[in-house]
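See structure below.
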Amino acid sequence: MASLIQYERVRKIYNSGNDEVIALEEVSFGVEPEEFVTVVGRSGCGKSTLLKITAGLLPATGGEVRVAGIAVKSPLTNIGVVFQSPVLLAWRKALDNVLLQIEARGLDVDAYRQRALDLLELTGLRGFENKYPNELSGGMQQRVSISRALIHEPPLLLMDEPFGALDAITRDEMNLELLRIWSESKKTVLFITHSIPEAVFLGDRVVVMTPRPGKVADIMTIDLPRPRTTSLRDDQKFIGYVRKIRERLGVQ
Ligand SMILES: Nc1ncnc2c1ncn2[C@@H]1O[C@H](COP(=O)(O)OP(=O)(O)OP(=O)(O)O)[C@@H](O)[C@H]1O
Ligand SMILES: [Mg+2]
């Protein structure tokens, strides 16, 4: 099967004045259709840079990213992106924030209203459609932004530490919810995180990145049963994967 995302020796150098920062040294790997791939690495190792290059929001300095076989040269439209903060419009209700994606694409908003409501239900927000962002908790806001990333049915979802700001309990719940949405809607997911346990819990494979300049240190296949359940976190095999990645990252 051809990879849905293929990174070929991707390099990124940021230039600011005389200063040069090598963010990505050389990154090569593939993400298969319907695969859930997590990327873990220390702060500043180039994870967000890699995501932005994948989405076509930032040009690579060298190498190439291909999505569905086509080199990424401009912002991709047929994807869903979730950033670390929910980026909701304060003056729009939850439902209208989800529909923003449709409006921005010049599509018929009325035709998507039911789907937006269905997504809010899927993400556990039934009854909150007409609340403004400041009436929602952080986790609920993030679920609105996930619904917004899904409404146009993108086959590919790019997520940059989407649960970073959440408390541990909500984060665990959101992990389970995301896996449910992923398995029900058959998407390919590239998910970036700081958290090694989160990377293992969610992923089919975990891409471990070296500190800056970012390179792929290891790609670990996570051979744990699905659907994943919370009790898996106590499983010796799960703990073993976490330990191995910690060692790979040089975490004490
Ligand atoms: N626009 C920019 N201009 C110059 N340097 C940048 C820019 N964006 C990122 N960098 C640098 O590139 C490196 C990688 O940044 P990036 O945001 O990709 O890291 P990250 O792995 O996502 O970190 P974190 O885990 O903290 O989010 C950092 O050293 C950062 O200072
Ligand atoms: Mg980042």
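Each reported figure results from applying straightforward, stated rules to the coordinates on display, with no laboratory input. Treat the numbers as computed from the prediction; the structure is a model and nothing was measured. Neighbour counts run over all protein chains shown; Cβ positions are idealised from the backbone, glycine included.
If only residues of segment 12-22 that are of a type outside the set (Gly, Ala, Ser) and within 12 Å of ligand 1 (Cβ to nearest atom) are counted, the one that is farthest from the chain's Cα centre (by Cα) is Asp19. Ser85 meets the conditions (1) touching a Ser or Thr at 6+ places or on another chain (Cβ under 9 Å); (2) buried (at least 22 other Cβ atoms within 10 Å of the Cβ); (3) within 21 Å of Gln142 (Cα to Cα); (4) small (Gly, Ala, Ser) in every case but one. The failed one is (2). If you go through segment 34-48 and keep only what is touching an Asp or Glu at 6+ places or on another chain (Cβ under 8 Å) and polar (S, T, N, Q), you end up with Thr38, Ser48. Would you check which residues across segment 78-91 are under 16 Å from Leu190 (Cα atoms) and within 16 Å of ligand 2 (Cβ to nearest atom) and list them? Listed by number, the residues that qualify are Val81, Val82, Phe83, Gln84. Of the residues making up segment 127-136, one or more are among the charged types (D, E, K, R) and free of Cβ contacts under 8 Å to residues at least 24 places away in the same chain.
When we screen Ala116, Ala149 for residues that are buried (at least 20 other Cβ atoms within 10 Å of the Cβ) and farther than 26 Å from Gly203 by Cα, the only hit is Ala116.
Here's the yes/no breakdown for (1) closer than 29 Å to Val208 by Cβ; (2) in contact with a strand residue (DSSP E or B) (Cβ under 8 Å, 6 or more places away or on another chain); (3) among the basic types (Lys, Arg); (4) within 16 Å of ligand 2 (Cβ to nearest atom):
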{"residue": "Thr49", "(1), (2), (3), (4)": "yes, yes, no, yes"}
{"residue": "Ala55", "(1), (2), (3), (4)": "yes, yes, no, yes"}
{"residue": "Leu76", "(1), (2), (3), (4)": "yes, yes, no, no"}
{"residue": "Leu100", "(1), (2), (3), (4)": "no, no, no, no"}
{"residue": "Leu120", "(1), (2), (3), (4)": "no, no, no, no"}
{"residue": "Thr123", "(1), (2), (3), (4)": "no, no, no, no"}
{"residue": "Asn130", "(1), (2), (3), (4)": "no, no, no, no"}
{"residue": "Gln141", "(1), (2), (3), (4)": "no, no, no, no"}
{"residue": "Ser147", "(1), (2), (3), (4)": "no, no, no, no"}
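To keep it simple, each residue is scored yes or no on (1) closer than 19 Å to Pro162 by Cα; (2) in contact (Cβ under 8 Å) with a residue 40 or more places away in the chain.
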| residue | (1), (2) |
| --- | --- |
| Gly41 | yes, yes |
| Leu57 | yes, no |
| Ile70 | no, no |
| Gln84 | yes, yes |
| Val109 | no, no |
| Leu120 | yes, no |
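Among the candidates Val98, Val27, Val72, the residue that is within 16 Å of ligand 1 (Cβ to nearest atom) and closer than 22 Å to Thr188 by Cβ is uniquely Val27.
If Thr49 meets every condition in (1) hydroxyl-bearing (Ser, Thr, Tyr); (2) surrounded by fewer than 20 Cβ atoms within 10 Å (Cβ to Cβ); (3) closer than 25 Å to Asp218 by Cβ apart from one, which number is that one? Condition (2) is where Thr49 drops out. The residue that is nearest to the chain's Cα centre (by Cα), among those in segment 23-47 that are more than 16 Å from ligand 2 (Cβ to nearest atom) and more than 26 Å from Ser183 (Cα to Cα), is Ser28. When segment 75-93 is filtered for residues that are assigned to a loop (DSSP other than H, G, I, E, B), farther than 22 Å from Arg113 by Cβ and more than 16 Å from ligand 1 (Cβ to nearest atom), the ones remaining, listed by number, are Pro75, Leu76. Considering segment 172-196, and only residues there that are within 16 Å of ligand 1 (Cβ to nearest atom) and buried (at least 17 other Cβ atoms within 10 Å of the Cβ), the residue that is farthest from the chain's Cα centre (by Cα) turns out to be Ile196.
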